[in-house]
């Protein structure tokens, strides 16, 4: 931690100014409105898989083709959904989030003004 944050002169630091800015509030709101629903959806999907494995073994052991059953397909779809979410997030961040975050970072480097 820098001495600037410890020696308070009564004036806000550049970081505090940026944090209080409407641009930062918009950035935080944009991030949360994208990430929270995506996280909630993934957690529902994951816990559905876990609950089915624990409480519906008959369903999960239903054979689809040969020795491939529903549980195996659901398990593999966990990996697919994880990669899909990661790709979606990276594309969204590159397009929308990172440019705004870079602008705020530049503002902090200039001294918050």
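Contact map, region 91-111: first residue at positive phi, second residue surrounded by 14 or more Cβ atoms within 10 Å (Cβ to Cβ), Cβ cut-off under 6 Å, separation 6 or more or different chains; pairs are 111/14. When the criteria are applied in full, residue 81 fails the requirement of being in contact with a strand residue (DSSP E or B) (Cβ under 6 Å, 6 or more places away or on another chain) and either in contact (Cβ under 8 Å) with a residue 40 or more places away in the chain or surrounded by 11 or more Cβ atoms within 10 Å (Cβ to Cβ) (or both). If the condition is being in a helix (DSSP H, G or I) and surrounded by 13 or more Cβ atoms within 10 Å (Cβ to Cβ), then region 40-68 contributes 42, 45, 46, 49, 52, 53, 59, 60.
Yes/no per residue for (1) at pLDDT 95 or above; (2) farther than 30 Å from residue 18 by Cα:
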site: 64; (1), (2): yes, yes
site: 80; (1), (2): yes, yes
site: 84; (1), (2): yes, yes
site: 87; (1), (2): yes, no
site: 113; (1), (2): no, no
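Based on this model, can you work out whether residue 76 counts as over 30 Å from residue 110 (Cβ atoms) and within 27 Å of the chain's Cα centre (by Cα)? Spelling it out, residue 76 is indeed over 30 Å from residue 110 (Cβ atoms) and within 27 Å of the chain's Cα centre (by Cα).
The values are calculated or read from the model by the stated rules, or taken from the named source; none is laboratory data. Only a predicted model underlies this, so the values are computations on that prediction, with no experimental measurement involved. Backbone-built Cβ (ideal geometry, glycine too); neighbour counts: all protein chains shown.
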